[in-house]
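Beneath this line is the structure, given in structure tokens, with notes to follow.
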Amino acid sequence: MEAARLSEPPDWLERIVLVAIPPAAREGVAGDLWETYCSPRQYAAEALRTVPFVIASQVRRNLNLPAILLQAALIFIFLGGTATLLLLPALLLRGAYQEVARPCPQRAIREAILMSSGVMALLLLIMAIWFPLAGRPGLDHFTWLNLFLLGLLLSPLLCLFRAGLILQGDRCTPACPDELKKEELTRGYRDFQHALLVRNLLEASALTAAAIAGVFFAWNVLLVGLFLLAALYLFVDAVPRAFPAEEDFVSLRARYQQDLTRQKQLRRFLCWLWFSPVLMALHTRLMAEHVLQAERPITAMLDCVAAVILCFLAAALTSEYGGRIQENIGLLDRVREKISPA
């Protein structure tokens, strides 16, 4: 018993290594490290040599360049170049450490509570530094207290939003048997492609209409161009493609999984794109001369709160949808072909 215990890494060291390994590769890499264990020093050194390459591999595998560039542009517009350079690695690592399934409901609700209360308290602190109470009409202690309580009331609203996403995801997650006939897999793949075609056409039309409206509302030219390019891509993607009727079960399943992965990447970009006009409008209001001169500090603070909430909503939508797609990919990976009896 003692010899078996000495042949295993210490629990605290193993937990640290498990946290450092991206979830998608955690089981395989941790198993390899555990099998080659000789001593804590050897285990730690082997992990230090292996884990950075695993992280780099997962960053490359999950890289969504259009979404990353769009998020980096929004960060640059709001916070400047230094913040963009500091947060860009965090965006890349977030993709590498994304979960292989939908977010845990308890964790999602906890994040909503922490975000709504913590960020509001931080914004109140920042605004108190920028706009001193002395000599500012309408900025007495009672006003600040009301704003703080308003921030706390955001928690139940955001929790309801996350709970709604979780319940909607539960309804959309299909039950997948362990075995499927090739004809059943083909039918499911055809249904997916048909639903995708309809969705692409509708969303491409909506993006085109939004770009036209953006011209009249004097949107940024680059933003209008992004909407038009995204619409064009969706129109092209909606063109019917030849269905691989002659492929075997494994190849057909792999193609299905590739299309699901592509949709996950595309929807993440489109979600942030839809939120971009509102975020840009909020930035324009914040940069207005009367706000910078602190004549309307309450308006500036509420605009900051609105921008943070919008970013939280976009992140929650992409996380829930991406987790659901990843769950479907995992279910497909476990499906085996059902052979009909002769």
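For beta carbons closer than 8 Å, sequence separation of 6+ or different chains, a first residue in segment 23-35 that is free of Cβ contacts under 8 Å to residues at least 60 places away in the same chain and a second that is assigned to a helix (DSSP H, G or I) and among the charged types (D, E, K, R), the qualifying pairs are Ala30/Glu14; Leu33/Glu46; Trp34/Glu14.
For segment 6-27, what are the residues that are surrounded by 11 or more Cβ atoms within 10 Å (Cβ to Cβ), closer than 26 Å to Gly95 by Cβ and out of contact with any Lys or Arg (no Cβ under 8 Å at 6 or more places or on another chain)? Answer for segment 6-27, where residues must be surrounded by 11 or more Cβ atoms within 10 Å (Cβ to Cβ), closer than 26 Å to Gly95 by Cβ and out of contact with any Lys or Arg (no Cβ under 8 Å at 6 or more places or on another chain): Glu14, Arg15, Ile16, Val17, Ala20, Ile21, Pro22, Pro23, Ala25, Arg26, Glu27.
Among the residues here, Ile75 qualifies as surrounded by 16 or more Cβ atoms within 10 Å (Cβ to Cβ), in contact with a Ser or Thr (Cβ under 9 Å, 6 or more places away or on another chain) and without any contact (Cβ under 8 Å) to a residue 24 or more places away in the chain.
Restricting Gly118, Gly80 to residues that are at pLDDT below 70 and either farther than 25 Å from Asn328 by Cβ or in contact with a strand residue (DSSP E or B) (Cβ under 9 Å, 6 or more places away or on another chain) (or both) narrows the list to Gly118. Being in contact with a helix residue (DSSP H, G or I) (Cβ under 8 Å, 6 or more places away or on another chain) and surrounded by 11 or more Cβ atoms within 10 Å (Cβ to Cβ) is a property that holds for Gln58. Checking the structure you have, find out if any residue of segment 147-159 is out of contact with any Leu (no Cβ under 9 Å at 6 or more places or on another chain), assigned to a helix (DSSP H, G or I) and either among the β-branched types (Val, Ile, Thr) or modelled with pLDDT of 80 or more (or both). Scanning segment 147-159 turns up no residue that is out of contact with any Leu (no Cβ under 9 Å at 6 or more places or on another chain), assigned to a helix (DSSP H, G or I) and either among the β-branched types (Val, Ile, Thr) or modelled with pLDDT of 80 or more (or both).
Quick check on segment 195-216. Is at least one of its residues among the aromatic types (Phe, Trp, Tyr), free of Cβ contacts under 8 Å to residues at least 24 places away in the same chain and not in a helix (DSSP H, G or I)? Checked segment 195-216: no residue is among the aromatic types (Phe, Trp, Tyr), free of Cβ contacts under 8 Å to residues at least 24 places away in the same chain and not in a helix (DSSP H, G or I).
Every residue, every condition in (1) more than 20 Å from the chain's Cα centre (by Cα); (2) at pLDDT 85 or above; (3) of a type in the set (Ser, Thr, Tyr), yes or no:
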position: Pro244; (1), (2), (3): yes, no, no
position: Ala254; (1), (2), (3): yes, yes, no
position: Gln257; (1), (2), (3): no, yes, no
position: Thr261; (1), (2), (3): no, yes, yes
position: Val291; (1), (2), (3): yes, no, no
position: Pro297; (1), (2), (3): yes, no, no
position: Ala307; (1), (2), (3): no, no, no
position: Ala316; (1), (2), (3): no, no, no
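The values are calculated or read from the model by the stated rules, or taken from the named source; none is laboratory data. Bear in mind the structure is a predicted one, so any value in this text is a computation, not a measurement. Cβ coordinates were reconstructed from backbone atoms using ideal geometry, including for glycine residues, and neighbour counts include every protein chain displayed.
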